[in-house]
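Beneath this line is the structure, given in structure tokens, with notes to follow.
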Amino acid sequence: MRGRKKRSKYKMISQPVPNVPWQERPENLTGAPVWRYNENPIIGRNPVKGVARIFNSAVMPYEDGFIGVFRGEQTNGIPYIYLGRSKDAIHWNFDENKINFVDEEGKPFMPRYAYDPRLVKVEDTYYIIWCQDFYGAAIGIAKTTDFKTFTRIENPFLPFNRNAVLFPRKINGNFVLLSRPSDSGHTPFGDIFVSESPDMKHWGVHRYVMGTIKGDESAWQSTKIGAGCIPIETEEGWLVIYHGVINTCNGFVYRMGCALLDLEQPWKVLKRTKNYILAPHEIYECMGDVPNVVFPCAALTDAETGRIAIYYGCADTVTGLAFTTVNELMESMESM
Ligand code: BMA
């Protein structure tokens, strides 16, 4: 395969995924270290019967292809989660019906709404984490081993909270999760915290990880931040791709950045980007239901080549794919 030659300087600790979608870095790319798939958006409007928009969605390798959980904005305006499968992680087939959750006794449990899902495998179980209603915006978690039965774990966190991202392995024997306590509206503030659990049910040891940065130092992330993709394990630390927001006279603008957290003590920030790594620029990122939003929710990685493919919501309307490498991201961060 073309381009598959150099091993990466920085090493990701994960399985090789040789079929990760990929396009080489354009020669004329300047500035930000992330470049877009040239056929973006990969998921356009009206992708499923009764669903007007799919965005802010998460994918991962599964069997000989890929699987994903997708935020589908139904034509009644209510977001819900849909399952999709793909051979190449670019062209997706979606189930026509939304995911049917059950509670821990096996009885149907359907949240009133569900949005911004993340997807991760820890040991033998896949976890879907999203935002749902629990007297306001709160974190929903469900587990599955077969993508047929999805068992919802009862409210793991108090309201209000969003952007929960589970680490892909236990750290010091516990599950570890990043989240962003919020309000139940559009949240004009927000920092990232980390929590631990022995069983995915009881959470504690909540610690502060990182917050906004003052406008005179890194203005694009001066209003609120939130974890995006599942942390990527590297030899240097956990690489976290997150969103950062600035408030302007025309509302919020969402951009992307990344940070490196200590492998054993993930509340310690080793490095972080002061410059964003991707910002709304293309028309599908600047125009839509909510203009000027790039919102990362997943990254596919190939440890062998260091390639990273980022899935992100564009303007709360369509889904984009962008590429970078572990080297590019590592070298875009500054020591803290
Ligand atoms: C956040 C979330 C996201 C959305 C973003 C921009 O608060 O609700 O789902 O993409 O706002 O509207």
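Values as computed for the structure displayed
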quantity	calculated
Alpha-carbon Rg/Rh ratio, for segment 109-159, with Rh computed the Kirkwood way	0.96
Descending principal axes extents, segment 1-89, alpha-carbon based, whole Å	49, 34, 21
DSSP-loop GluC sites (Glu not before Pro) across segment 152-235, with at most 16 other Cβ within 10 angstrom	GLU154, GLU235
Only Lys, Arg (+1) and Asp, Glu (-1) charged, at Cβ; segment 187-269 dipole about Cα centre in debye	420 debye
Selected from GLN265, GLY228, CYS249, residue furthest toward positive end of dipole (segment 171-286; charges at beta carbon)	CYS249
Cross-link pairs LYS9/LYS224; LYS121/LYS214; LYS224/LYS271; LYS11/LYS87; LYS11/LYS274; LYS98/LYS214 - those with Cα-Cα distance over 30 Å	LYS9/LYS224; LYS121/LYS214; LYS98/LYS214
Size-normalised alpha-carbon gyration radius of segment 250-289, reference 2.2 N^0.38 Å	1.62
Residues TRP220, TRP130 arranged by fewest to most Cβ contacts within 10 Å	TRP220, TRP130
Convex hull volume per residue for segment 225-336, taking Cα atoms only, in Å³	95 Å³
Burial ordering of CYS297, CYS286, fewest other beta-carbon atoms within 10 Å first	CYS286, CYS297
Taking SER14, SER57 and counting other C-beta atoms within 10 Å, the order from fewest to most	SER14, SER57
Mean projected area in nm² (Cα convex hull; one quarter of hull surface) for the chain	16.0 nm²
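Every number in this text was worked out from the coordinates using simple rules, so none of it is lab data. None of the values given here were measured: they were computed from a predicted structure. Quick reminder, even Gly has a Cβ in these numbers, built from the backbone with ideal geometry, and neighbours come from all protein chains shown.
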